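So the structure is just underneath, and the comments pick up after that.
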Amino acid sequence: MSEVKTKCPNCFSENQCFEESTEHFTSYICFKCGFTSNSYYKNDTEELKKAVESSTQLMNEISLFDYDRKITWFPSVLNMGKFGIIYPDGTKNNWVWKFAQVTKLTEEEQKDPQYEGHEHKLDVDNAQSYGQHEFMNACKDMGIIKE
Ligand SMILES: [Zn+2]
């Protein structure tokens with residue numbers, strides 16, 4: 001397995017976009033703009049069809065066809081369990097990265113039927129926002145990437 005820097009087709013970063021290859025598979029992620037893809041996401045593949053189906057409307061609207069590699073890139077959704085989740089939010093022409101943390105419910109909240117049986121919630125109401133090229137800052141705030 002090898003990891004090399006590559007040029008991002010979305011934000012054109014050359015030092016924050018990485019390509020990781022095994023013999024038959026290559027994946028890509030850019031930590032500047034948060035877009036990701038892999039060598040299975042060629043047109044008319046099952047893998048691309050599944051990716052489209054599991055993506056939100058916004059993710060599909062801002063997805064991008066990479067003419068050099070002939071694959072489609074999507075914005076990432078990073079779900080790191082207790083660390084929270086990073087996801088794109090907004091509309092096609094006005095979207096941001098959001099980082100929502102997992103917080104412990106207060107005793108009052110735990111009595112609320114909508115949280116029944118849970119001790120934690122994903123705090124989307126207080127999610128932090130980041131610019132489209134600040135994906136790395138969201139990852140740092142989440143604590144999954146160190147300087
Ligand atoms: Zn990028």
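What is the Cα convex hull volume of the chain when expressed per residue in Å³? Provide the component values of the computation, followed by the final result.
On the way: hull volume 21.1 nm³, N = 147.
It is 144 Å³ per residue.
Using only alpha-carbon positions in the stretch 19-60, the gyration tensor eigenvalues give semi-axes of 19, 16, 6 Å once each is multiplied by 5 and square-rooted (largest first). With distances taken between every two different alpha-carbon atoms, the stretch 78-142 has a Kirkwood hydrodynamic radius of 12.8 Å. Put the Cα centre of the stretch 31-65 next to the Cα centre of the stretch 88-147 and the gap is 22 Å.
Counting Lys +1, Arg +1, Asp -1, Glu -1, what net charge surrounds Ile86 among other residues with beta carbon under 15 Å of its beta carbon? Mind dumping the intermediate values first?
Numbers: positive: Lys32, Lys82, Lys98, Lys140; negative: Asp89, Asp123, Glu134, Asp141.
Its environment carries a net charge of 0.
Counting charges near Ser54 (Lys, Arg +1; Asp, Glu -1) among other residues having Cβ under 14 Å from its Cβ returns a value of -1. Identify the chymotrypsin sites (Phe, Trp or Tyr not before Pro) of the stretch 51-107 meeting these criteria: DSSP loop state and at most 16 other C-beta atoms within 10 Å of the C-beta. Qualifying residues, ordered by number: Tyr67. Solvent-free Debye calculation, one equal scatterer per alpha-carbon of the stretch 2-75: log10 I(q)/I(0) at 0.27 Å⁻¹ equals -1.34. Residues Cys33, Cys11, Cys17, ranked from the fewest to the most other C-beta atoms within 10 Å, line up as Cys11, Cys17, Cys33.
Qualifying trypsin sites (Lys or Arg not before Pro) in the stretch 1-94, where qualification requires a DSSP coil assignment and no more than 11 other C-beta atoms within 10 Å, comprise Lys70, Lys92.
Here the stretch 35-90 is treated as an ellipsoid with the same Cα gyration tensor; its semi-axes, largest first and in whole Å, are 21, 12, 11. Based on C-alpha pairs under 8 angstrom that are at least 6 apart in sequence, the chain has a relative contact order of 17 percent.
Each value in this text was obtained by applying a stated rule to the coordinates, not by laboratory testing. This is a predicted model, so every value here is computed, not measured. Heads up, the Cβs are rebuilt from the backbone with ideal geometry, glycines too, and the neighbour counts pull from every protein chain shown.
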